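Here the structure is laid out as structure tokens; the discussion comes afterwards.
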């Protein structure tokens, strides 16, 4: 049970949008995390590794300066492994995740991204409904 | 060097945004996805903050014609909604709903979130590796 945080979430969202705009206007690249991560072992990996260092480093600096942000993981180890495998494989097969399709794709009004975002949102909500209200609880 | 600094700054902005928005916390993501439970609509506000700002960036890009530190924009192909896209989105949605982690928040949580994001990210990399093992025509 988490509390509704409209202002922090809107402001955090604006920062994410600014990051996507910055990467597009400087490097001409989509800020899609799954794609950047998968490409970070290929050729042209310098900027991808730098992006990932910032992505991991900023929250680390935040935690050091202001204390660790709230984080609660209900999933056990087996669920985390299954979820990670599905997310890794699925984002490669579907060419993107919440950032590439959900933020950048929707901002570009890409039909593929609009379809993908609708599908993964509905599938994820259905998964939560099944695990929390049908199977568990 | 400018390219590296720009990417580093974009990544840091992205990571700070994930923490500020609360999306690095899987409990908050699952509370958004749990529409039949104690629903937390915050994630919709994250999208509502991110999409218009990103759209301004893409509109500026169309006006400029080229990015500042690269030859051209790496515009994703405007292809069809095919079985691959649908299947990938379904698998991703399943995994996202199981644990509440998607790639960005899981990476952002590595520095402060204990062992769970590490296990998730290791499995996610394995999933990406499995995809790479598929024969070319199946991808």
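The values are calculated or read from the model by the stated rules, or taken from the named source; none is laboratory data. Because the structure is a prediction, the values reported are computed rather than measured. Positions of Cβ are backbone-derived with ideal geometry, glycine not excepted, and every protein chain shown enters the neighbour counts.
Conditions (1) part of a helix (DSSP H, G or I); (2) more than 7 Å from chain A (Cβ to nearest Cβ), marked per residue:
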| position | (1), (2) |
| --- | --- |
| B:63 | yes, yes |
| B:66 | no, yes |
| B:72 | no, no |
| B:97 | yes, no |
| B:101 | no, no |
| B:106 | yes, yes |
| B:114 | no, yes |
| B:118 | yes, yes |
| B:129 | yes, yes |
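Considering the stretch A:73-101 alone, what residues qualify as being without any contact (Cβ under 8 Å) to a residue 24 or more places away in the chain and either more than 7 Å from every other protein chain (Cβ to nearest Cβ) or outside any helix (DSSP H, G or I) (or both)?
The answer is A:73, A:74, A:75, A:76, A:78.
Scan the stretch A:103-120 for residues that are part of a helix (DSSP H, G or I), within 7 Å of another protein chain (Cβ to nearest Cβ) and surrounded by 21 or more Cβ atoms within 10 Å (Cβ to Cβ) and report the count.
So the first thing to find is which residues in the stretch A:103-120 are part of a helix (DSSP H, G or I), and the list is A:103-107, A:111-120.
Narrowing the set further to residues that are within 7 Å of another protein chain (Cβ to nearest Cβ) leaves A:103-104, A:106-107, A:111-112, A:115-116, A:119-120.
Subsequent filtering for residues that are surrounded by 21 or more Cβ atoms within 10 Å (Cβ to Cβ) retains A:103-104, A:107, A:112, A:116, A:119-120.
Total meeting the criteria: 7.
Go through the stretch B:49-94 and count every residue that is closer than 28 Å to residue A:92 by Cβ and in contact with a helix residue (DSSP H, G or I) (Cβ under 9 Å, 6 or more places away or on another chain). Walk me through it before giving the result.
We begin by selecting, within the stretch B:49-94, every residue closer than 28 Å to residue A:92 by Cβ; these are B:49-51, B:53-55, B:57-58, B:61, B:67, B:69-94.
Remaining after also requiring in contact with a helix residue (DSSP H, G or I) (Cβ under 9 Å, 6 or more places away or on another chain): B:49-51, B:53-55, B:57-58, B:61, B:67, B:69-70, B:73-74, B:76-82, B:84-94.
Looking only at that region, the number is 32.
Does residue A:8 satisfy the condition of being surrounded by fewer than 21 Cβ atoms within 10 Å (Cβ to Cβ), in a helix (DSSP H, G or I), free of Cβ contacts under 8 Å to residues at least 24 places away in the same chain and at the interface with chain B (Cβ under 7 Å from one of its Cβ atoms)?
Details: surrounded by fewer than 21 Cβ atoms within 10 Å (Cβ to Cβ): yes; in a helix (DSSP H, G or I): yes; free of Cβ contacts under 8 Å to residues at least 24 places away in the same chain: yes; at the interface with chain B (Cβ under 7 Å from one of its Cβ atoms): yes.
Judged against the criteria, residue A:8 is a match.
Please go through the stretch B:72-100 and pick out each residue that is surrounded by fewer than 19 Cβ atoms within 10 Å (Cβ to Cβ) and under 20 Å from residue A:19 (Cα atoms).
Residues of the stretch B:72-100 surrounded by fewer than 19 Cβ atoms within 10 Å (Cβ to Cβ): B:72, B:74-75, B:77-84, B:86-87.
B:72, B:74, B:75 - these are the residues of the stretch B:72-100 that are surrounded by fewer than 19 Cβ atoms within 10 Å (Cβ to Cβ) and under 20 Å from residue A:19 (Cα atoms).
Out of B:110, B:91, B:80, B:85, which single residue is closer than 27 Å to residue B:127 by Cβ and more than 7 Å from every other protein chain (Cβ to nearest Cβ)? Explain how you work it out, then say what you get.
On the way: B:110 fails: more than 7 Å from every other protein chain (Cβ to nearest Cβ); B:91 fails: more than 7 Å from every other protein chain (Cβ to nearest Cβ); B:85 fails: more than 7 Å from every other protein chain (Cβ to nearest Cβ).
When all the criteria are applied, what remains is B:80.
Taking only the stretch B:1-17 into account, find how many residues are more than 7 Å from chain A (Cβ to nearest Cβ) and modelled with pLDDT of 95 or more.
From the stretch B:1-17, those more than 7 Å from chain A (Cβ to nearest Cβ) are B:1-2, B:5; that's our starting set.
Add one more test, that the residue is modelled with pLDDT of 95 or more, and what stays is B:5.
Qualifying residue count for the region: 1.
Could you run through the stretch A:43-72 and say how many residues are within 29 Å of residue A:4 (Cα to Cα), at the interface with another protein chain (Cβ under 7 Å from one of its Cβ atoms) and outside any loop (DSSP other than H, G, I, E, B)?
10
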